[in-house]
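Enquirer: Got a structure for you, questions after.
None of the figures in this text is laboratory data; all of them are computed from the coordinates on show. From a predicted model like this one, the values you see are computed outputs, not experimental measurements. Note: ideal-geometry Cβ built from the backbone for every residue, glycine included; neighbour counts use all protein chains shown.
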Amino acid sequence: MDRPRVIINVAQSLNGMIAGPGGRRVAISSAHDRERVLEIRSKVDAVIVGANTVVNDNPRLNLQDNASNHNSGPMRVVLDGSLKIPDNSHILDGTSRTVVFTWNLHRELKGADLIRMSKDHLTVDEILGRLWSMGIRNVLVEGGKQVIHEFIDAGAVDEFHIFVGNILIEGGGMILFDPPEDISGVARDIRIMQGGLLISLDPHSLMIAWKKKAKAI
């Protein structure tokens with residue numbers, strides 16, 4: 001099945017956390033890193049997040065990262081099986097198209113196009129195949145943890161970037177890899193940036209290591 005090129009980008013603290021306790025949003029990226037992410041967004045056809053990211057962070061996922069009255073970015077895609085995102089979410093503001101993949105057959109959501117699929121078919125492969133048929137050729141996955149893990153499990157990652165910010169998040173925060181994943185053997189490039197480090201992983205090596213760990217558990 002043809003699918004779009006997939007870029008994963010995530011920010012984590014020095015102690016491996018991508019959010020605070022309960023998924024609470026914590027500012028990890030530096031201003032320099034936010035500019036890098038906006039540059040990636042400007043070059044992709046769609047940005048993908050999970051429902052928890054919308055509920056906890058209420059992102060706009062546009063190119064200005066603030067309110068705008070014009071089409072300001074790629075298509076916004078939310079993976080939300082139960083369709084729990086709030087009606088007042090920023091991604092429903094109409095500044096760019098929003099598509100929500102869900103198995104909920106009853107609720108309507110103003111400001112989004114709903115693509116309803118059965119639970120069995122609401123998979124990474126099926127979603128990417130549907131996006132490909134819509135003309136989407138490259139996507140940026142910005143989280144959260146569950147969505148990132150699902151893309152790795154599906155073997156559907158072409159680029160993987162982790163920004164490690166110069167902060168620590170208190171115990172009880174959400175760790176990206178639990179138990180911790182040793183990425184020393186899969187790091188392709190490590191670059192010092194203002195406010196932290198940017199680590200680019202080799203997706204193929206990461207997914208092989210991921211599958212080996214899964215079999216060993």
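Enquirer: Would you mind calculating the relative contact order of region 5-216 from Cα pairs under 8 angstrom and at least 6 residues apart, reporting the percent as a whole number? Please report the intermediate quantities before stating the final value.
Expert: On the way: 407 pairs, mean separation 65.6, N = 212.
Contact order relative to length: 31 percent.
Enquirer: At a Förster radius of 30 Å, what calculated FRET efficiency corresponds to the Cβ-Cβ distance of Lys110 and Arg34, to the nearest 0.05? It would help to have the intermediate numbers written out before the result.
Expert: On the way: r = 29 Å, r/R0 = 0.97.
So, using R0 = 30 Å, E works out to roughly 0.55.
Enquirer: Give me the number: length gained by fully extending Asp158 to Asn15, i.e. 0.36 nm times residue separation minus the C-alpha to C-alpha distance, one decimal in nm. Display every interim value, and only then the final one.
Expert: On the way: separation 143, 0.36 × 143 = 51.48 nm, distance 2.54 nm.
Result for the pair: 48.9 nm of gain on full extension.
Enquirer: Please report how many Lys pairs in the chain have alpha carbons closer than 30 angstrom, counting only residues at least 8 apart along the chain or sitting on separate chains.
Expert: Taking the Cα cut-off of 30 Å, the pair count is 17.
Enquirer: So, in nm, how far is label Ser184 from label Gln146 when the simple model puts each one 7 Å beyond its Cα toward the Cβ?
Expert: A separation of 3.4 nm, rounded to one decimal place.
Enquirer: Can you give the calculated 222 nm mean residue ellipticity of the chain, where each DSSP H run of n ≥ 4 adds -39,500 (n - 2.57) and the sum is split over every residue, rounded to the nearest 500 deg cm²/dmol? It would help to have the intermediate numbers written out before the result.
Expert: On the way: 5 runs with 51 residues, N = 217.
Calculated mean residue ellipticity at 222 nm is -7000 deg cm²/dmol.
Enquirer: Put a dot 7 Å past each Cα toward the Cβ at Lys211 and Asn58; how far apart are the dots in nm?
Expert: Taking the simple label geometry, Asn58 and Lys211 are separated by 4.2 nm.
Enquirer: Over region 121-217, with a single point scatterer placed on each C-alpha, what log10 of the ratio I(q)/I(0) does the Debye formula yield at q = 0.17, 0.22, 0.23 1/Å?
Expert: The calculated log intensity ratios at q = 0.17, 0.22, 0.23 Å⁻¹ are -0.91, -1.31, -1.37.
Enquirer: Rounded to the nearest 5, what is the percent of antiparallel bridges among the DSSP beta bridges in the chain? Write down the numbers at each step before the final one.
Expert: On the way: 14 of 41 bridges.
DSSP beta bridges in the chain are roughly 35 percent antiparallel.
Enquirer: Sticking with this one: In whole Å, how far is the Cα centre of region 4-46 from that of region 141-197?
Expert: Distance between centres, Cα-based: 9 Å.
Enquirer: Determine the relative contact order of region 56-175: mean sequence separation of Cα pairs under 8 Å and six or more apart, normalised by residue count, in whole percent.
Expert: Details: 121 pairs, mean separation 19.6, N = 120.
Relative contact order, region 56-175: 16 percent.
Enquirer: Each residue of region 17-25 in turn: what ³J(HN,Hα) in whole Hz from Karplus with 6.51, -1.76, 1.60 and θ = phi - 60°, glycine and Pro shown as x?
Expert: For region 17-25, the Karplus curve yields 8, 10, 7, x, x, x, x, 4, 5 Hz.
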